[in-house]
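Structure first, then comments.
The values are calculated or read from the model by the stated rules, or taken from the named source; none is laboratory data. Predicted model only: the values in this text are computed from it and were never measured. Reconstructed Cβ throughout: ideal geometry from the backbone, glycine too, with neighbour counts over all protein chains shown. Accessible surface is based on the protein model in full, side chains and every heavy atom, while ligands, DNA and RNA are left aside. Shrake-Rupley method; radii C 1.70, N 1.55, O 1.52, S 1.80 Å.
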Amino acid sequence: LSIAGYLMERSGFPLAPALLGFILGPMAESNMNRMILGAKGELFSYLLHRPIFMGLVIFTLSPIIWKCVQNIRQLHAKRG
């Protein structure tokens, strides 16, 4: 871990996100395993009925869709 931290620091990567991931990663993994077991094979339909999951999907897809709309508008403006 110390060698990786040294190399990250020399390369200009911030150490705080890596440390946070190192600490919170195992907790997130165990909770994800618990959620998958609770879904009993129907993971996608299980997640679709969770408002937090849908909020995260919308939050994640919104900037991607917005950027696509902007690119399409720019293409139409250049042609038009």
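Just a few scattered comments:
- GLY41, sole failed condition from (1) at pLDDT below 85; (2) surrounded by 10 or more Cβ atoms within 10 Å (Cβ to Cβ): (2)
- Test: ILE64 is without any contact (Cβ under 8 Å) to a residue 12 or more places away in the chain, within 19 Å of the chain's Cα centre (by Cα) and surrounded by fewer than 10 Cβ atoms within 10 Å (Cβ to Cβ): yes
- Inspection of the range 3-23 finds a residue satisfying the criterion of being of a type in the set (Ser, Thr, Tyr) and open to solvent by 100 Å² or more (accessible area, probe 1.4 Å).
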